[in-house]
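Here it is: the structure, laid out below.
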Amino acid sequence: MTSAIKSRTNTTENSPQTPGSVIIGFDPGIQVTGWGAITIGRESRFVGGGVIRTPQKKSMELRLDVIFTSAMKLISEFKPSVIAVEDPFVGKSAASALTLGQARGVILLAGAQSGIEVAHYSPREIKSSVVGNGSASKEQVQFMVQRLLRLSEPPKPLDTSDAIAVALCHNNRMRLEVLGKNNLSVKKNSPKTRS
């Protein structure tokens, strides 16, 4: 069975510079799962992005297999140090949340089987991190992804820009943690002042 990974890769950045320098973000869906890879750091760069499309007339098991196999191929190609996955939004309906949860589950399994750290973020956390507004529209997320990564055109489809936003969210979180640790070590190492 061939999996349908539709992708766009940055021509100047076809592969990660070194293993462990990439985050792959995933926006799980049973019909379309978005993915986006960026480099880790203050000046993140777009490495690649696209969608995994599953055959609509196949059984759930076969569609999940396509997502899993495709995620494993992306992990093998980009050698990320971490994958970041969007949590399902339960407000839509219980049935759609369950289906999204299954797609998300096989991505988590791909990360676990590859021995890679997996981070999880709610849609609100991702939008807040990338746009500054937890209620931002998909188009606003797409615009900010294009702007933050200095892309010549917006990543399409929206599933791709959403997945890149997941990766950017994790990169932002990691940078904040490093800044917090650096501030703590500066405070610990600074001389005490007497009053």
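Inspect segment 68-84 for any residue being in contact with a Cys (Cβ under 9 Å, 6 or more places away or on another chain) and under 14 Å from Ile24 (Cβ atoms) and give the result as yes or no. Lay out the reasoning, then the answer.
We begin by selecting, within segment 68-84, every residue in contact with a Cys (Cβ under 9 Å, 6 or more places away or on another chain); these are 84.
Next cut, under 14 Å from Ile24 (Cβ atoms) only: 84.
Yes, the conditions are met somewhere in segment 68-84.
When both residues are 6+ apart or on different chains and their Cβ atoms are under 6 Å apart, which pairs have a first residue that lies in segment 140-152 and is under 8 Å from Leu168 (Cβ atoms), and a second that is in a helix (DSSP H, G or I)?
From residues that are under 8 Å from Leu168 (Cβ atoms), the pairs are Val145/Ser161; Val145/Ile164; Val145/Ala165.
Still on this structure, please answer the following. Going through Val141, Val118, Val66 one at a time, which residue ends up being over 15 Å from Ile38 (Cβ atoms), of a type in the set (Val, Ile, Thr) and crowded, with 21+ Cβ neighbours inside 10 Å?
Val66
Every residue, every condition in (1) touching a residue at least 40 places away in the same chain (Cβ under 8 Å); (2) in contact with a Pro (Cβ under 8 Å, 6 or more places away or on another chain); (3) under 21 Å from Thr160 (Cβ atoms); (4) not small (Gly, Ala, Ser), yes or no:
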position	(1), (2), (3), (4)
Ile67	yes, yes, yes, yes
Met72	yes, no, yes, yes
Val82	yes, no, yes, yes
Leu98	no, no, no, yes
Arg104	yes, yes, yes, yes
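Right, here's the next one. Would you confirm whether any residue within segment 31-53 is modelled with pLDDT under 95, assigned to a loop (DSSP other than H, G, I, E, B), among the polar types (S, T, N, Q) and surrounded by fewer than 17 Cβ atoms within 10 Å (Cβ to Cβ)?
Within segment 31-53, not a single residue is modelled with pLDDT under 95, assigned to a loop (DSSP other than H, G, I, E, B), among the polar types (S, T, N, Q) and surrounded by fewer than 17 Cβ atoms within 10 Å (Cβ to Cβ).
Looking only at segment 85-96, count every residue that is within 15 Å of the chain's Cα centre (by Cα) and more than 12 Å from Ala110 (Cα to Cα) and tell me the total. Explain how you work it out, then say what you get.
Narrowing segment 85-96 to residues within 15 Å of the chain's Cα centre (by Cα): 85-88.
Checking the rest, the ones that are also more than 12 Å from Ala110 (Cα to Cα) come to 86-88.
Final tally of qualifying residues: 3.
The values are calculated or read from the model by the stated rules, or taken from the named source; none is laboratory data. Here the structure is a predicted model, which means the values were calculated and not measured. So basically every Cβ, Gly included, is an ideal-geometry build from the backbone, and we count neighbours across all protein chains shown.
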